[in-house]
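Some notes on the structure that comes next.
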Number of protein chains: 2
Amino acid sequence: GGASRTRDWAHHGAPMFADLTVHEMKAVRSYLHAVEDMRLTSASSETLKKNSILLMELHIPKKHKALNALDRGWARPSRQARVVIQFGDQTKPNITEYIVSPLPTPQSHEVRTYKKPITFESRPMTLTEYNFIIKHLEIITTKAHKLLFETTGGFSFTNCTNRCLTFADVGPRGLGPGERRTWIILQRFVEGFFIHPIGFEVLINHIDLDPEKWTVEKVWYNSMYFNSVEELVDKYESGEVEKVKLPDHDDNDFYSTYIPRGHSNTPTNIHGPKLVEPQGPRYHVDNNFVEYSGWSFSYRVSSSAGIQVFDLRFNGDRIAYEISLQEAIAFYSGDTPAAMQTKYIDAGWMMGISSFELAPGIDCPEIATFVDLHHYFDTDKPVRYKNALCVFEMTTGGPLRRHFDSDFHGGYNFYGGLENTVLVLRTISTVYNYDYIWDFLFYQNGVVEVKVSATGYIHSTFYTPNGLHYGAKVYDYVLGNLHTHLIHYKVDLDIAGQENSFESLNLKMMNFTNPWSPGDFIVQPKLHSTEHKTERSAAFRFGKKFPKYTHFYNPNKKNKWGHKRGYRIQFNSHADSVLPRGWREENGISWSRYPLAVTRHKDHEHTSSSIYTQNNPWEPVVSFEDYIRNNEDIVNQDLVAWVTVGFLHVPHSEDIPNTATPGNAVGFFLRPFNFFDEDPSLSSRSTVIVRPGEDNQPQVQRWTPEVVGHCVTDKPFSYDGFYRKV
Amino acid sequence: GGASRTRDWAHHGAPMFADLTVHEMKAVRSYLHAVEDMRLTSASSETLKKNSILLMELHIPKKHKALNALDRGWARPSRQARVVIQFGDQTKPNITEYIVSPLPTPQSHEVRTYKKPITFESRPMTLTEYNFIIKHLEIITTKAHKLLFETTGGFSFTNCTNRCLTFADVGPRGLGPGERRTWIILQRFVEGFFIHPIGFEVLINHIDLDPEKWTVEKVWYNSMYFNSVEELVDKYESGEVEKVKLPDHDDNDFYSTYIPRGHSNTPTNIHGPKLVEPQGPRYHVDNNFVEYSGWSFSYRVSSSAGIQVFDLRFNGDRIAYEISLQEAIAFYSGDTPAAMQTKYIDAGWMMGISSFELAPGIDCPEIATFVDLHHYFDTDKPVRYKNALCVFEMTTGGPLRRHFDSDFHGGYNFYGGLENTVLVLRTISTVYNYDYIWDFLFYQNGVVEVKVSATGYIHSTFYTPNGLHYGAKVYDYVLGNLHTHLIHYKVDLDIAGQENSFESLNLKMMNFTNPWSPGDFIVQPKLHSTEHKTERSAAFRFGKKFPKYTHFYNPNKKNKWGHKRGYRIQFNSHADSVLPRGWREENGISWSRYPLAVTRHKDHEHTSSSIYTQNNPWEPVVSFEDYIRNNEDIVNQDLVAWVTVGFLHVPHSEDIPNTATPGNAVGFFLRPFNFFDEDPSLSSRSTVIVRPGEDNQPQVQRWTPEVVGHCVTDKPFSYDGFYRKV
Ligand SMILES: [Ca+2]
Ligand SMILES: [Ca+2]
Ligand SMILES: [Ca+2]
Ligand SMILES: [Ca+2]
Ligand SMILES: [Cu+2]
Ligand SMILES: [Cu+2]
């Protein structure tokens, strides 16, 4: 029938969205290394003057081709790889992107361009470049050895065993395009080094491909700036600089560690409640194709931005062609130069690749399905990220729907209920200090929740009294710096087809004569809909009033009751803009101007950011603002919603050792709004209905086994329903 | 030691907050029935001209007395009951409240007064009065029998078996103080009758204590108004009224029922994931005293408003003296007179008493602790509400904290994680059609989440074309009417003592010369704190910009790092005001003007609403606005935060058969903000740390058993940590 054909086509199309296989990656590498003009060499060779593959990942097919496979069962378009190559061994070094196809046996490659050329200085960092940074830090710290040793009570960057220093670097790497100079923070290398700054920051200019030509441009120590390490050292020795003497590091000070301490009145040395599946899983995972309840979707994890869902359907009806993470930023304030400079734009840190192993029982329940991911970045071989993605069903511990139908006389007409279970798709990106938990939650009733929770270490800098304007002291000499997290998602809704329109709903207060009591007045709100006909009118700014409902619908498809079939986006966010519009780095994150913006779908507008934004936010190669600048008509078109969520984070003592997830989750819901004719969770056989039978004995009507199973309870479900006088 | 003494005193004080026992209720009743002047009779006798007990519940002691018990271990003040008596058998009928004490052997009663007298017409409805309403409806429907029978295809109010009509009544009961006239909606009495309006509404004036004198004031049928049933019937017969002929009721039409229908690709006829406690519970419930992780608190369920938490402590430190549900309203719009009139104010419908039995595995997990509640309202005996409250610990399926500490070379320094489990305290109020799920969630890290989820049946009215301005058609002839849910909570925070101050935090953009690159500028936000020194300045209005952080702190208590110990309230809400300020019924819900208002604590300002507001919202006996009108100083005082949350609900087809919880939950978080010196969840022994050991074998450090147990998994926890080239 139609339903099973629909299901088969979705399944048939899923491989279009599957990440590159190890085999494909190796084939692409071999193919490109055989292109003589490119003169590709190993990514790991210790020089910056080389041509090598920086990044390789799936290149998504054009939407109309993919839809032919998904909606008509046609052959899938051939698979393609996007490859980023750094040509350092050229007269004019450059970064060039190629599309390589077809996979798994490449025959051709063609250049993929952006509106602007990719500046070479905007490329992401590689291990090779970090290794040269480390060598420079060795020189710097050797010069300042005595100062560092005295300041830290015996820590050094080199020749150390358990008293080592390490570093953190911040972005962007300069003050304008074409620069590549980085503020670096020195830290004690202990467990949780992110929150052990020692009060020494250094600005290294590493723009030259010959690391010998790199220079130290500034040094910051104890609130003073110096033009060179030598100047600092001289002034330190001559007493022109106040010496900082940090407390000795105590190996028994658990401050930055996870080691338990303190007391609790109730036991925590036993396991808490756990999830079990007494009757087995109720979802299917077939490679990157997942089915649960009425849902089906494909997923992948882009190396740059992270998790993406494609061809999301409910009961075979597509809800969204794509829902994908685009970017995450954290813009900081502070009193030290590194703190003032820190504007992390995480796709440039390969947020997608930074999806490391998930721990069963902590990161995902023990019963989860764990999946390996494979990435190819700054490497000569594909890298396996074991158990980096998980899928599981969980109970939320409450009802999806329930009603107790009292008879108001101590009895009841019926009780009905359905437990709220949800399928979760999860990865966690550890972008250096922070850990972002990326969740997609699929509810039985056609609702999708997209959510990010923040945990991991705060980005901290050395405490100064002036720093208190920008955060809180969280330890001796440590300031937790205030910052705003903003996350951007692409949501290519296709509601009952590709042709959609968009409206916002608000209330308008009415005042009219009471029809049953003339002389009196009825004051009540009525629905006020605004159809947004152009991209500009559908780009909502932060700081302006946001509509009560934002509604995407197919103007030509009605549900059974005559309403336009639609979905709405509901925000759960405390986001706000981070910089004045157009101010320098803000140009790189023009998407962050809008909690919601709606555009016409374009294959070439497939992301709102790029891996180059971090190191050139001033003149970004991908600028979201361009997508709405032409102010296209968005009536009855293929629309894409772009959603920004986030929150202000003022660190506080309870962020030590790590930011905790409760209260630190934001996201959005996609909710059916007259899309179905009734709640589609009605198809669930997990429903329980109880009615008073003869002699008021409860008659339980159910479609699942009476007994859950011995691990949960051997007792059958019981319900009384009566409330009795005593 | 101090910690255990603190714990003992909290435990010692808990009975002060325990609801009345059956024994106490019976004693109070006997005592009052023995007071000859009162001439009390049975609540169930079939007359309105009687004196009888309407409501009896615990009367909370004054705070300073309770604190003597809680903080010094002094004897608990004697228990008292609040009793509401309706004196219908008087020359001037009245409602009088008494405080009866001491329990369990009452000796005295004294009148408890409000600022205004309680108008007799504002009393809640009783079964007796409903029985007279039913008798009147029998007369009305008999007169209109033919019309109703023809309209509904064979349904009638009397002499029916499986083709019966029933009714819903709406509030308020009139247009101004002193009125008691109610719009009543007729419905088909089938499973889920709330969404079966038949298009017949009638306004009955039932102000007289002699039901013989009650009158029909208006009738509404098919968009027309009539002054009497007779007028309608005459015009119906004469053809002056267009006849509605509803489709016949099909017993196989499951529309308003929970009966499953439709198909799902994945199995739902087996049980989904369930919670188990493989090593037993980690919390204690001793009557109304609960302990979990560092938390302890007492709870009760007020008969009028519902769930309340008292003496909430973490590691012995009180965080809040009281967090209590105050009121829930739903204000509707519509085209029929009942819809236009509907402004439900649920304390007047005994929202607290309407906490019926919770179903294990649906309303709360099977492993929950279920507790009976007892109430005394409109009864001659206490009523037991079996399993009406539950307490359970659950896993959220993810981490509270976690960090993967990459070494950026395919390995890791360490992995640390702590599973996020939470204790949930829950009741569910079924206020007629709606079911509100009231949750308190206690996280291991000192965070409390207070949350309400909405489910149950929508309040619907008969569909008219004009009704589409006020909602959506959800079935033949049925309109789901738009409405706003607003919920009010009292949050008596006592942060590190009773003397607290309140500030809001915002960001202020700075612009100054770049200290390391003169000629360039740093633009970054800094913290901007506003101390709110008076009640007016701390009363935030809907529609105005709300601060980023709202912070309650003790100005004289610092944490280890010198910051004022504090907690902040973080909102998760889409609330907005429902009516223009001061417009009629809005006076009864003046609390709803403010997402947050902060007042000085007063024992006599213990609630923001009353059971009388529903039937007299125009001149309410409790008006929240009075609490802030004197604009007291709130610096270093005992403060109370009053929190309004809610959302606009525009019904849609997916609200059939019931509103579902996903996306329909709002609430707030209480989050420590420099209250502790570090994250207090560090005391949890459920932490897991993994470090690469010799030969890079993972070394797992944990304080819980290695194996969870056979129901979850027999495999020990495993982690690799490496990401390897392949
Ligand atoms: Ca455009
Ligand atoms: Ca679209
Ligand atoms: Ca006051
Ligand atoms: Ca207080
Ligand atoms: Cu943060
Ligand atoms: Cu509602």
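State all residues of the range B:122-138 that are open to solvent by less than 50 Å² (accessible area, probe 1.4 Å) and not aliphatic (A, V, I, L, M); if no residue qualifies, say none.
Result: B:S122, B:R123, B:P124, B:T126, B:T128, B:E129, B:Y130, B:N131, B:F132, B:H136.
Take the conditions part of a loop (DSSP other than H, G, I, E, B) and in contact with a Ser or Thr (Cβ under 7 Å, 6 or more places away or on another chain) and apply them to A:I367. Does it pass?
No: the conditions fail for A:I367.
From the list B:T182, B:T257, exactly one residue is of a type in the set (S, T, Y) and surrounded by 21 or more Cβ atoms within 10 Å (Cβ to Cβ). Which is it?
B:T182
With respect to A:E678, is the statement that it is open to solvent by 40 Å² or more (accessible area, probe 1.4 Å), among the charged types (D, E, K, R) and closer than 20 Å to A:R568 by Cα true?
So A:E678 passes the test.
Determine, yes or no, whether A:V229 is at pLDDT 95 or above and either small (G, A, S) or touching a strand residue (DSSP E or B) at 6+ places or on another chain (Cβ under 7 Å) (or both).
Here the answer is yes, as A:V229 does meet what is asked.
Could you list, in sequence order, all residues of the range A:473-519 that are among the hydroxyl-bearing types (S, T, Y) and either in a loop (DSSP other than H, G, I, E, B) or within 16 Å of ligand 1 (Cβ to nearest atom) (or both)?
Across the range A:473-519, the qualifying residues are A:Y477, A:S501, A:S517.
One line per residue, one yes/no per condition, for (1) closer than 11 Å to A:I589 by Cβ; (2) open to solvent by less than 10 Å² (accessible area, probe 1.4 Å); (3) in contact (Cβ under 8 Å) with a residue 12 or more places away in the chain:
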| residue | (1), (2), (3) |
| --- | --- |
| A:F310 | no, yes, yes |
| A:F314 | no, yes, yes |
| A:E327 | yes, yes, yes |
| A:M340 | no, yes, no |
| A:I345 | yes, yes, yes |
| A:W349 | no, no, yes |
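Just checking, how many residues over the range A:467-506 are within 16 Å of ligand 2 (Cβ to nearest atom) and either among the small types (G, A, S) or open to solvent by less than 20 Å² (accessible area, probe 1.4 Å) (or both)?
13
Return the residues of the range B:167-183 that are in a strand (DSSP E or B) and touching a His at 6+ places or on another chain (Cβ under 9 Å); say none if nothing qualifies.
B:A168, B:R181, B:T182
Return yes when A:V452 is more than 30 Å from B:P680 (Cβ to Cβ), assigned to a strand (DSSP E or B), of a type in the set (A, V, I, L, M) and more than 9 Å from every other protein chain (Cβ to nearest Cβ) and no when it is not.
no
Here is a yes/no grid of residues against (1) open to solvent by 50 Å² or more (accessible area, probe 1.4 Å); (2) among the charged types (D, E, K, R); (3) over 28 Å from A:A320 (Cβ atoms):
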residue: A:D8; (1), (2), (3): yes, yes, no
residue: A:M16; (1), (2), (3): no, no, no
residue: A:M38; (1), (2), (3): no, no, yes
residue: A:A43; (1), (2), (3): no, no, yes
residue: A:L58; (1), (2), (3): no, no, no
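Taking the range A:529-554 only, how many residues are hydrophobic (A, V, I, L, M, F, W, C) and assigned to a helix (DSSP H, G or I)?
1
B:F546 is checked against (1) within 28 Å of B:I307 (Cβ to Cβ); (2) in contact (Cβ under 8 Å) with a residue 60 or more places away in the chain and fails just one. What number does that condition carry?
(2)
Looking only at the range B:392-412, decide whether some residue is open to solvent by 10 Å² or more (accessible area, probe 1.4 Å), assigned to a strand (DSSP E or B), at the interface with chain A (Cβ under 7 Å from one of its Cβ atoms) and of a type in the set (K, R).
No, there is no match, as no residue in the range B:392-412 is open to solvent by 10 Å² or more (accessible area, probe 1.4 Å), assigned to a strand (DSSP E or B), at the interface with chain A (Cβ under 7 Å from one of its Cβ atoms) and of a type in the set (K, R).
Taking the range A:568-608 only, how many residues are over 17 Å from the mean Cα position of the chain (by Cα), within 16 Å of ligand 2 (Cβ to nearest atom) and not charged (D, E, K, R)?
6
From the list B:T687, B:T713, which one is over 30 Å from A:P680 (Cα atoms), facing another protein chain (nearest Cβ under 7 Å), of a type in the set (V, I, T) and open to solvent by 20 Å² or more (accessible area, probe 1.4 Å)?
Exactly one of B:T687, B:T713 is over 30 Å from A:P680 (Cα atoms), facing another protein chain (nearest Cβ under 7 Å), of a type in the set (V, I, T) and open to solvent by 20 Å² or more (accessible area, probe 1.4 Å), namely B:T713.
From B:N631, B:N658, B:N664, B:N636, which residue is over 21 Å from the mean Cα position of the chain (by Cα), over 30 Å from B:K560 (Cα atoms) and either away from ligand 2 (no atom under 16 Å from the Cβ) or surrounded by 24 or more Cβ atoms within 10 Å (Cβ to Cβ) (or both)?
When all the criteria are applied, what remains is B:N631.
Can you confirm whether the range A:638-656 contains a residue that is farther than 30 Å from B:G398 by Cβ, of a type outside the set (S, T, Y) and either away from ligand 4 (no atom under 16 Å from the Cβ) or in contact with a helix residue (DSSP H, G or I) (Cβ under 7 Å, 6 or more places away or on another chain) (or both)?
Yes: one or more hits.
More than 16 Å from ligand 5 (Cβ to nearest atom) and touching a Pro at 6+ places or on another chain (Cβ under 9 Å): is that true of B:G588 in this structure?
yes
State yes or no: is A:S108 within 14 Å of chain B (Cβ to nearest Cβ) and either within 23 Å of A:R313 (Cα to Cα) or open to solvent by 10 Å² or more (accessible area, probe 1.4 Å) (or both)?
Here the answer is no, as A:S108 does not meet what is asked.
Out of (1) within 31 Å of the chain's Cα centre (by Cα); (2) assigned to a loop (DSSP other than H, G, I, E, B), what's the single condition that is false for A:Q187?
(2)
Taking A:W516, is it touching a residue at least 24 places away in the same chain (Cβ under 8 Å) and hydrophobic (A, V, I, L, M, F, W, C)?
no
What residue, among those in the range A:513-555 that are open to solvent by 60 Å² or more (accessible area, probe 1.4 Å), under 30 Å from B:E217 (Cα atoms) and within 11 Å of chain B (Cβ to nearest Cβ), is nearest to the chain's Cα centre (by Cα)?
Selected residue: A:F521.
Hey, among the residues in the range A:278-290 that are open to solvent by less than 40 Å² (accessible area, probe 1.4 Å) and either touching a residue at least 40 places away in the same chain (Cβ under 8 Å) or hydroxyl-bearing (S, T, Y) (or both), which one's farthest from the other protein chains (Cβ to nearest Cβ)?
Of everything passing the filter in the range A:278-290, A:N288 is farthest from the other protein chains (Cβ to nearest Cβ).
Which pairs have Cβ atoms under 6 Å, sit 6 or more apart or on different chains, and link a residue in the range A:671-695 that is touching a residue at least 24 places away in the same chain (Cβ under 8 Å) and basic (K, R) to one that is open to solvent by 10 Å² or more (accessible area, probe 1.4 Å) and part of a strand (DSSP E or B)?
Correct list of pairs: A:R671/A:R568; A:R671/A:Q570; A:R691/A:Q699.
Mind checking which pairs have a first residue in the range A:644-656 that is at positive phi and a second that is within 8 Å of ligand 5 (Cβ to nearest atom), Cβ under 8 Å, 6 or more apart or different chains?
Every condition considered, the pairs that remain are A:G646/A:H485.
The values are calculated or read from the model by the stated rules, or taken from the named source; none is laboratory data. Keep in mind that this is a model prediction, so the values were computed, not measured. When we count neighbours, we look across all protein chains shown, and the Cβ atoms used for this are built from the backbone with ideal geometry, even at glycine. We work out accessible area using only protein heavy atoms, side chains counted, and drop any ligands, DNA or RNA first. Shrake-Rupley method; radii C 1.70, N 1.55, O 1.52, S 1.80 Å.
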